[in-house]
Every structure is written in C-alpha cells, then in structure tokens.
1. Just to check your reading of the model, which residue among THR616, THR576, THR608 is open to solvent by less than 80 Å² (accessible area, probe 1.4 Å) and either under 29 Å from VAL335 (Cβ atoms) or touching a Gly at 6+ places or on another chain (Cβ under 6 Å) (or both)?
2. Need pairs with beta-carbon distance below 8 Å; first residue over 18 Å from ASP59 (Cα atoms) and within region 114-132, second among the β-branched types (Val, Ile, Thr) and open to solvent by less than 100 Å² (accessible area, probe 1.4 Å); sequence gap 6+ or separate chains.
3. Across region 315-335, what is the number of residues that are more than 17 Å from THR372 (Cβ to Cβ), within 32 Å of the chain's Cα centre (by Cα) and surrounded by fewer than 19 Cβ atoms within 10 Å (Cβ to Cβ)?
4. Can you tell me which of GLU555, GLU530 is within 30 Å of HIS363 (Cα to Cα), at pLDDT 90 or above and touching a strand residue (DSSP E or B) at 6+ places or on another chain (Cβ under 9 Å)?
5. Evaluate the following for HIS72: is it closer than 20 Å to ALA124 by Cα, in the same structural domain as GLU42 (by TED's automatic domain parsing), part of a loop (DSSP other than H, G, I, E, B) and without any contact (Cβ under 8 Å) to a residue 60 or more places away in the chain?
6. Those residues that are more than 16 Å from ligand 1 (Cβ to nearest atom) and polar (S, T, N, Q), I need them from region 350-398; list them, please.
7. In a helix (DSSP H, G or I) and either surrounded by fewer than 18 Cβ atoms within 10 Å (Cβ to Cβ) or touching a residue at least 40 places away in the same chain (Cβ under 8 Å) (or both): does that describe LEU232?
8. Which of (1) under 60 Å from the mean Cα position of the chain (by Cα); (2) of a type in the set (A, V, I, L, M); (3) open to solvent by less than 60 Å² (accessible area, probe 1.4 Å) is the odd one out, the single condition MET99 does not satisfy?
Amino acid sequence: MDNRPVRVLLVDDDEDDYILTRDWFSEMEGANFELEWVSSYETAVDAIALHQHDVYLLDYRLGDRTGLELLHEAIANGCKAPIILLTGQGDHDVDVEAMKAGAADYLDKSQIGVPLLERSIRYAIERKRAEQKIGEQAALLDVTTDAILVRDLEHKILFWNKGAERLYGWKTGEAIGKNANELLYKEISPELQAALKTIFEEGEWQGELHQVAKDGKEIIVESRWTLVCNELKQPKSILTVNTDITEKKQLESQFLRAQRLESIGTLASGIAHDLNNVLAPILMSAQLLELQLQDEYSHRLLPLIIDNAKRGANLVKQVLSFARGVEGKFSMLQVEPLVSEIKQIVQQTFPKYIDIDINIAKHLDMVRGDATQLHQVLMNLCVNARDAMPNGGTLTISATNLLIDENYTRRNLDARIGSYVVITIADTGTGMPPEILDRIFEPFFTTKEIGKGTGLGLSTVLGIIKSHGGFVKVDSELGKGTQFKIFLPTAGKSKMQQMEDVELPLGHGEVILVVDDEAAIRDVTKTSLETYNYKAMTASDGIEAVTLYAEHRQEISVVLADMMMPFMDGLTTIRTLQKIEPQVKIVAVSGLVSEDKLSQVRHAGVKTFLSKPYTTQELLTTLHEVLQAK
Ligand code: ADP
Ligand code: MG
C-alpha cells in the first residue's frame, strides 16, 4: 500500500470544534492523517464533489441545514468515500437514519476521544475497500459464460449474473424474486428432486438438468450447487453455477445413434450373407424342378416357392444396402425432373384425401447420383408419409440449394462444409414420439402391422444417401407431423466455386468445341463445361479443330478458339471454319493479343471475346449469350 496520508475533511460550522478535532488528530501518533476543514454546508458540497478525500466527518448541526441532509446529497452526487456523522447525545433516530442513508458510522460528539475517532475512521476506510473488492468480484462473475445464480431457501432468486441472462434470456430485473423452480423448469423432474434433497443433506450437488429458457427452448446444463451458510453455520442460500451443454449432448446422442446403427449393420450383414446362402439353393432347385415336374400340383406350388425365395433375396439385398452401402451408376443429375416424376406417381396412386404440394427452388444445383436409387429414397419417404396420414393431410415435397457452413457442421456430425441440395418430404400426419424417432433407421424396425411394413424403408434410405455422400435429418412432433430432409452434396465444384456460386447459367447438353494448344486449359475448360451440363470436344490446334468441325458440324453449337496457336493461328482457323459453315458461332479467346490482330478478328465477323484467364462464371455467361444470340 502507498504511504500517501489519509485525507480527512471535517464539515463543522463551529471553529472551536474544529480546533478540538485538530488537537485529537495531532495526538494520533503515526496515524498519517491529514485533516482539512470547511465550515459551511455549501462549501462542503463543492469540496465533496471533487472526490479528493478519503473520509468525511459531518457535524449534525450546520447552520440551518443538517449533516444528514448533506449526507444524502453527497451520496446522491456519487460520493464513494466513507462518511461519518457526528451527532448529539441520545439522538438515536438520527443515528438510525444516518446508517440507513449510507453513513459508514455515527459518533456521539460528547463521547469522542482520540482512540474512538481513530478506530472509526480506520474501520470506515477498510469497510469501503472490502465493499469495492466485492463489487469487482461481482463484475468478474458477469464476465464468465457460466450462468451463476443464488436463491434463498424458498428458491426465490436473489442473484442472477450476465451469464444467466445470456443462457436463459431473462434479464436480471425479471429474474430476481421469482421462484427458480418455476422459472427454469417445465416440471419438477426426478433429477431436480434429487438435487433439492441432496443439497440440504450434503451441502452440495452436481449433475445434469433439463431446463427451459425464456423463449421456450429446452437446454441441458451441467449444474453445480453449493449450500451457503451464515456465520452461525445455518443454511442461508443456494449458489448454483450452470454450464450450457445442450450442443455437446446433442452431438453425443448423434454419435451414439450412429454407433448403434453401425453395429446393427454389422450384425445384419452377417445374417444377410448366411441367408443368401440359404436362399440361393432353394431358388435354383425350385427353378430346375419347375422345368422337370409337369404335374398340376407342382405347377401350383413351385412358383410359390420361387416367388417367395425371390422376395427373401430382395429383402436381403435391402439389408445389405444398408449395411454396406450401395454401388450405383452415378451420373450428373438434376433434382427437378426426379421430383416431378415422383409427383406424378404420387398423384396417380395416393388416396385423394392426401393433398400434394410441390415446391422447388429455381436454379437447383446438380448432384452426382444414381437416379434409380434416389427415386427409391423419395418413394420410401412418400409412402411413409402416406401411411402416417390415414385420415388425410398434406404431403409437401420441396427442394432447395443450401450452403453448409462451419457453424452447421459443428452441430451435425454427418455434415461437411460445402453446398448441398436439400429435398424435404413433410407430412401433417401422426408424428412420432422420441423413443420411436430414435430407432426408425434400424433395419426391421417398424410400428406397422405384419404384412404392412418391413421396417426396411428408412434403413435403405439411409444406406443410399450415405453412399451418395449425404445425410438425413428428421424432425417430428407427435400429432403434428414429420419432416424428413435429405442432404445431397452438389456435384463437381470446388469449395471456392461453391462459395462464390452466383446463379450460373447452365447448358442444355450443347456441344462446345474447345480449341487450345495448352492441355491444362483444355482439360479445365472441358471439366467446367461438363459440370454445367454442356458436352465438350477438344482440339489442340487449328488443323485438328477444322477436321473435327468438318466431321461434327451438326452437333457442335459453339467453337471456343484460342487466338494464339502454333501451326494454324486463331484468325486462320476462324476463317477456315467460316468457309465450312458461314453461320458458325465462335468465341475468340484472347490472351496477350495485339489490338491490331483483334480488330482483324472482329473484322472477320467474330463478336464475342473471352480474355484469358477466365473464370467459370465468365465462360458460362459468355456461352449463354452466344447461344441466345440469333
Ligand atoms: P416401415 O414403413 O416398413 O414400417 P420404415 O423403415 O420405412 O419401415 O419406417 C420405420 C418406422 O418409422 C415406421 O414403422 C413408422 O413407425 C416410422 N415412420 C417412418 N416415417 C414416418 C412418418 N412420416 N410419420 C410417422 N412415422 C413414421
Ligand atoms: Mg416405410
């Protein structure tokens, strides 16, 4: 601590009293106090406003004002230093009021002596310091992200920090005085009951609690409770520190579910394999017998055996598709036609009491996938939706592009950063309780009557979507309906391209002839074109280009020609192509071409230029323009 003297200001309208007090101070040996004096109420107000003193001593009688009034005014003006009121003998009402108003102490003037005065001043200063420290600690409590609250033994909230405001959404003013058990819980759960019991028996408790925030959102917290006692060791309040673990818990349960499905898959694939070995000889033998046995009896029974063996084999195939994933014939697919096809089937075959609503965003990205398998996925989901709406309802199929960012992947184990097409199949049917929702992807899990469901629909959906590099999400509310979302990664684009993806004009399968002497540029351009639904042919020089064009002029829609090439340069190539077909559509690709050469090209009738290096977007937009032009 510094050795600065403690500055004391005495406010007293009686000079004799000042002299007396000064003498007392001079008797305090080694106390290091510095006494100053003002004699009027007004000068005192100004002096206190400067906040320069460590302690104030106010006499009660100050002309026609009182020290009590001055005390009120000083505190209202933000005085932080301790104030000691000097009162007359037996003026107990004044004493009490002074303490209520925030005085650090009061001293009976008739009894003041050196030791009493010195002790009072020292205590006052120490107490102020302690208060400030507590204030600083309280501020620290607000910095932490944990929610900290204190409740009395009736569970009335006494303290509520900033972390609690953030976690629960209730402001301090709203929370104080409320019953914690009513504010934070939907109901008194067994865990909460255990906590309430343990805290009184053992003085502390620790565990997980399910709580609810102001907006109704459910949260899970790791909670630590401590019983706080007063000086007499009697319980006085409960201190609670809560850490939000909602996100962590969700990830954990996703992980457990994934693991369970995996082990079921392993088990199922083992059985499926054996079952195949059982079914194969049955099927083959029955087919052989069918050829040999011509009697009526065999004629009736053998097809039954064959049919059922085939059905069995089919089930086995589905189980295997879940366990091992499926191999498919993957190609670039547009989602729109796929959904339209499903819509037709559904409209024709589903009962009329089910309304069908289709909602597809414009410019959906392409995905890489097996059309037959995705078809099966959508059918399975639609059939489930139909089964969930025996009394009618609405089936909604929608599709949209979605960019998944890091924020999303942190919450979902299966998601990766990048762009996806999301297809949503929603119904307004029965919905599912959590214990069923938890198991629906297991093979053979069904709630339907025997003969109505195999329990393989959703496990097949999951197997197929996984083999497409995607994932599935479900939301369901009992009595309200269910929503399945399938996420398919979009095809063939780099992360960077996806990020900058502004709606690029797609091709319609037109053939583009790419002429460039640089292999790398030919390759990249070809890939870009194919990604965006064009077809590409490539030529490495003018001569090859002309040969190809002569052969395929009916198919080729546009020629993308580099201007700087060896052997036959761009200009000559263009002129030769124009001889074969005067209407040929050409985009001239220019790198470092002289202005004079460019004007020659322009002169030859070429209107569209693309300068190297070009982005995919520039390439696509340019092609789009050329193809539109008459
Ligand atoms: P199945 O349809 O043969 O029962 P699935 O794997 O397709 O097998 O579905 C498993 C279970 O999931 C169903 O039996 C049903 O309980 C539940 N389920 C699936 N989709 C829905 C839905 N849209 N609404 C309500 N429950 C559903
Ligand atoms: Mg089903």
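1. One residue alone meets the criteria, THR616.
2. Cβ pairs passing all conditions: ILE125/VAL6; ILE125/VAL55.
3. 1
4. Unique residue meeting the criteria: GLU555.
5. On the way: closer than 20 Å to ALA124 by Cα: yes; in the same structural domain as GLU42 (by TED's automatic domain parsing): yes; part of a loop (DSSP other than H, G, I, E, B): no; without any contact (Cβ under 8 Å) to a residue 60 or more places away in the chain: yes.
Against the criterion (closer than 20 Å to ALA124 by Cα, in the same structural domain as GLU42 (by TED's automatic domain parsing), part of a loop (DSSP other than H, G, I, E, B) and without any contact (Cβ under 8 Å) to a residue 60 or more places away in the chain), HIS72 does not qualify.
6. ASN359, THR372
7. So LEU232 does not fit the description; no.
8. For MET99, the exception is condition (3).
The values are calculated or read from the model by the stated rules, or taken from the named source; none is laboratory data. Note that the structure is predicted; figures quoted are calculated from it, not measured. When we count neighbours, we look across all protein chains shown, and the Cβ atoms used for this are built from the backbone with ideal geometry, even at glycine. The protein model used for the area step is the full one, side chains on, heavy atoms only, and it has no ligands, DNA or RNA in it. Shrake-Rupley method; radii C 1.70, N 1.55, O 1.52, S 1.80 Å.
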